[in-house]
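Chemist: This is the structure I want to talk about, given as structure tokens.
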Amino acid sequence: MANFFHFISKLFWLILFVLFGIIIAIFVGSNTQTITLYFWPIPEQIRIVIWLAILLAFCSGLVLGAFVIWLNSIFFQRNTRQKIKQDQINTYNRGKNETEQYLVFEKSDK
């Protein structure tokens, strides 16, 4: 039964991928106008097809988003490691305090 659901899941993603490819092909075929891009510090201009400019902007957004998520995961992992280390230290100190409380001697006035 698990193999059936795995097959259905793979088939779903394959169909979704093919549909996305068809949509991109239709987009590319219908947008063949050229545009001129100017980048501010560079005095030159670039003439490219509009679908290429849109797909490049989309892909750069995907890469930038993945980079931000990756940086966030690095900080999360570092904080998690620090919390685990602090918990280990607290556990060690708590166990140490529990054993040391029996070694405290009270002074007598005799």
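The values are calculated or read from the model by the stated rules, or taken from the named source; none is laboratory data. This one's a predicted model, so the numbers in the text were calculated from it and none came from an experiment. All Cβ positions, even for glycine, are placed from backbone atoms using ideal geometry, and neighbour counts span all protein chains on display.
So that you can scan it fast, the table gives a plain yes or no per residue for (1) modelled with pLDDT of 90 or more; (2) exposed (fewer than 10 other Cβ atoms within 10 Å of the Cβ):
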position	(1), (2)
Ile15	yes, no
Leu19	yes, no
Phe27	no, no
Tyr38	no, yes
Ile50	no, no
Ser60	yes, no
Gly65	yes, no
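Chemist: Six or more apart or on different chains, Cβ under 8 Å: which pairs go from a residue in the range 47-64 that's among the acidic types (Asp, Glu) to one that's exposed (fewer than 10 other Cβ atoms within 10 Å of the Cβ) and modelled with pLDDT under 85? Could you list them?
Modeler: No pair meets every condition.
Chemist: What are the residues in the range 25-44 that are out of contact with any helix residue (DSSP H, G or I) (no Cβ under 8 Å at 6 or more places or on another chain) and in a helix (DSSP H, G or I), if any?
Modeler: Ala25, Ile26, Gly29, Ser30
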